[in-house]
Amino acid sequence: IYQYIFFFSSRRRHTRFLPVSWARRCVQETGVHGESQIKSAQIQKQKKIIMDLGADKKEEKDLIKKKRDEHLVELRTKRREQDIIGKRFNIQSNATNLEGQTADLIESKGVDSSHLNQLKIHIDECLKKTYTINEFEQLALAINSDNIFQQHLGVIGLRKILSIEDGPPIQIVIDSNLIPRFLEFMKREDQPHLQLESAWALTNIASGTTQQTQTIIDKGGIPLFVNLLYSRFPEVAEQAIWAIGNIAGDGAQYRDMILKYGGLDPLLKIVDSAVKQTTITVSYTHL
């Protein structure tokens, strides 16, 4: 036969029966006596159990939060890598096909016709060639040359090397201090093809990491790209759009800088012109 301690709980308005053996254990563990003290000891023990459960839950929540944060970092890293590949892929797949189309991008004002024809032939030959990283030093020397033929060779060659999908030598170009030379060529309104190739090379560099993109910005690249949006050569303006898109995609602060330098108005004009041209083309095809 079991013996029980009986007491009444006014707060809960019901009676509870506790085994004597349990009550004695409470007395031994806590050193308290009497029903009220036993009840208090019971409450304290329940609180301890609840606190222990709460601590376990907190640790579990912290662990879940840590795993979630790690997962988000992993997702952001993967998305960044996909963006980089995507930007580089878009540059290659949507850029203007220049082979055999250099005539419209070479100024003829004040230039000897024979010299002009030679330059066109030279550019076409450069465009048809395949370049490797082993030719980097030769191409770097050509870029820094004062000869317009060599300048085209160097810019076209490096642009092609920077256009490869896997492991383009972006950092090597930066470390070789070639970005200022590309930016200088972008100012050459008398050489629109050189402008195009330089803008294209810098667009590929801007498809790299944020730090690599920042290098272009630190050298004054944004206002030069905005200026190219006003070019009368659609190919040059289009390449400037690609570059601005790559830069703006790296962060809101870069987007704000583009707006600060007046990049929105020429972009809207180009978009409006493209929409009108598309509408005219579609209407014509349905006649």
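If you go through region 205-255 and keep only what is among the polar types (S, T, N, Q) and touching a Lys or Arg at 6+ places or on another chain (Cβ under 7 Å), you end up with 207, 246.
Applying the criterion of being among the hydrophobic types (A, V, I, L, M, F, W, C) and open to solvent by less than 10 Å² (accessible area, probe 1.4 Å) to the residues of region 150-172, the residue that is farthest from residue 192 (Cα to Cα) is 170. Taking the conditions (1) open to solvent by 20 Å² or more (accessible area, probe 1.4 Å); (2) farther than 16 Å from residue 194 by Cβ in turn, residue 147 satisfies each one other than (2).
Residue selection: residue 201 satisfies the criterion of being within 24 Å of residue 177 (Cα to Cα), surrounded by 14 or more Cβ atoms within 10 Å (Cβ to Cβ) and at pLDDT 90 or above. The combined condition, being of a type in the set (D, E, K, R), part of a helix (DSSP H, G or I) and either at pLDDT below 95 or within 21 Å of residue 161 (Cα to Cα) (or both), is not fulfilled by residue 189.
The values are calculated or read from the model by the stated rules, or taken from the named source; none is laboratory data. Note that the coordinates shown come from a computational prediction; the quantities given were computed from them, not determined experimentally. We place every Cβ from the backbone using ideal geometry, glycine too, and count neighbours over all the protein chains shown. For accessibility, only protein heavy atoms count, side chains too; no ligands or nucleic acids. Shrake-Rupley method; radii C 1.70, N 1.55, O 1.52, S 1.80 Å.
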